[in-house]
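The values are calculated or read from the model by the stated rules, or taken from the named source; none is laboratory data. Note that the coordinates shown come from a computational prediction; the quantities given were computed from them, not determined experimentally. Glycine also receives a Cβ, built like all others from the backbone with ideal geometry; neighbour counts cover every protein chain displayed. Ligands, DNA and RNA are stripped out before the accessible areas are found, and what is left, the full protein with its side chains, is counted by its heavy atoms. Shrake-Rupley method; radii C 1.70, N 1.55, O 1.52, S 1.80 Å.
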Amino acid sequence: MQVYADNAATTKISSVALKAMMPCFETLYGNPSSLHSVGQEAKEALEDARARVAACLGCEPREIYFTSGGSEADNQAIISAARLGERKGKKHIISTAFEHHAVLHTLNKLEKEGFEVTLLDVRNGHNITAAQVKEAIRPDTCLVTTMYANNEIGSVLPIAEIGAVCKEAGVPFHTDAVQAVGHLHINVKEQNIDLLSLSGHKFHGPKGVGALYCRRGFPLVNVIDGGAQERGKRAGTENLPAIVGMAAALEDACAHLDENTAKVTAMRDKLIAG
């Protein structure tokens, strides 16, 4: 019997997501940017998916931008905050030493452009703390970006506390929540999160699709130019089947969060004990 124990890397698509996607291949095949009825039907499905994702995160639909996955969302969030800070003469970014490469490589690129990056490390074998973040913030800090949950050891950062520190200091806060969305209770408003990245295939949705939550009023910078899709902030015809499937998978995951968390915790404890 084959045992699959790599859900942190990717998950099998759920029957709920697959069922939701099928009409997009058969009847809802239009381009959401088209003005004819077939296109507008697709547009309705797109906006319905946006509203569903927003409801799971506690934000407004207009604050959700669909992407090709978590890496693109990370890039757009970090680069947007960096450009905003640069215009204000602020070029210092705070992150952690154990971020995903989508974050670390983006920060490396910005360092070559003259940005200074502070990477926080765990202290005494424990987690990153809000106090560490507060201690590291400087007058020229333009962004704090930390993962929500670690993909290798499963540690969960004190996101709400870090968000509160950033809000008090007037520093934008981004979290790479790819490993957390669909698995933990998240409310971006209550947790003072300005930018959040997620990826569909981490919670039984399809691969190649993700989303960026961007607080209303925060100026996003384009990383893909072209058409006016996603309110002009992410060009390219929307991958409607994947977007609809991701929204269905996320909604299903959030509806069973407590049940799924208890199940995974029991499995983890059994594995460790064995």
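Counting only residues at least eight positions apart within a chain, or on another chain, the aspartates and glutamates with an alpha carbon under 16 Å from that of Lys263 are Asp6, Asp252. Accessible area per residue for the range 41-130, computed on protein heavy atoms with a 1.4 Å probe, is 44 Å². Legend: residue pairs Lys90/Lys167; Lys90/Lys112; Lys12/Lys202; Lys207/Lys233; Lys202/Lys270; Lys167/Lys189, Cα-Cα distance threshold 18 Å; pairs beyond threshold, Lys207/Lys233; Lys202/Lys270. Note that the range 11-92 shows a convex hull volume over its alpha carbon atoms of 142 Å³ per residue. Diffusion of the range 1-156 by Stokes-Einstein, at 37 °C in a medium of 0.692 mPa s and with Rh set to the Kirkwood radius over alpha-carbon pairs, works out to 174 µm²/s.
Only helices enter the 222 nm calculation for the chain: every DSSP H run of n ≥ 4 contributes -39,500 (n - 2.57), and dividing by all residues gives -13500 deg cm²/dmol, rounded to 500. P(r) tail, the range 118-274: Cα-Cα pairs separated by more than 28 Å, 29% of all pairs. Every pair of different Cα atoms in the range 132-190 enters the Kirkwood calculation, which places the hydrodynamic radius at 12.1 Å.
The ellipsoid equivalent to the alpha-carbon distribution of the range 74-125 has semi-axes of 20, 12, 9 angstrom, derived from the gyration tensor eigenvalues as √(5λ) and listed largest first.
Projected label points at Val221 and Leu257, each 7 Å from Cα along the beta carbon direction, are separated by 3.2 nanometres. With all projection directions averaged, the alpha carbon convex hull of the chain covers 15.8 nm². Divide the volume of the convex hull around the Cα atoms of the range 81-203 by the residue count and you get 103 Å³ per residue. Inter-label distance, Arg268 to Asn108: 2.9 nm, where each label sits 7 Å from its Cα along the C-beta direction.
The protection proxy used here, the mean number of other Cβ atoms lying within 10 Å of each residue, ranks peptides 264-272, 29-37 as follows, highest first: 29-37, 264-272. Extension gain, Arg123 to Gln2, is 39.7 nm, computed as 0.36 nm per intervening residue step minus the present C-alpha separation. Between Glu60 and Lys19, the simple spin-label model (points 7 angstrom out along Cα→Cβ) gives 3.4 nm. For the residues Thr27, Thr129, a 1.4 Å probe over the protein chains yields an accessible-area ranking, largest first, of Thr27, Thr129.
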